[in-house]
Amino acid sequence: MPRELTPADVVAVAALANLELDANEIELFARQLGDILAYADEVQQVDTRSVPPTASVLARYPADRPDEVRPSLGPEAALANAPDPAPRAGLFRVPRVIG
């Protein structure tokens, strides 16, 4: 059974994410978040007592490889297709997104 979230719960979560929601979105997200939480509760009910602890899910297919020095792109090549590069500084310029 899905957990019911109140409109106030959704508004509080939206405020944390700096989102403005209209009444329809609040109702929709309350239902969707409730469904997600209900599924998480269902997953928590799975009996895992007989499953041994796992250090890595990639144990069969190790992703580790030895470090190897190889040539890489120089600053000019790396910045060649950047929309707003700062080539003298060797940096990408990005739009300000905070404050």
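One table, with the values for the structure above:
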{"read-out": "Members of the stretch 66-99 that are farther than 30 Å from N18 by Cβ and surrounded by fewer than 10 Cβ atoms within 10 Å (Cβ to Cβ)", "value": "P66, D67, E68, V69, R70, P71, S72, L73, A77, N81, R88"}
{"read-out": "Every pair of residues 6+ apart whose Cβ atoms lie under 8 Å, when the first sits in the stretch 12-35 and is among the acidic types (D, E) while the second is assigned to a loop (DSSP other than H, G, I, E, B) and surrounded by fewer than 12 Cβ atoms within 10 Å (Cβ to Cβ)", "value": "none"}
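Laboratory data are not the source of any read-out in this text; all were calculated from the coordinates shown. Remember, it's a predicted structure, so these values are computed and weren't measured experimentally. Cβ sites come from the backbone with ideal geometry, for glycine too, and all protein chains shown count toward neighbours.
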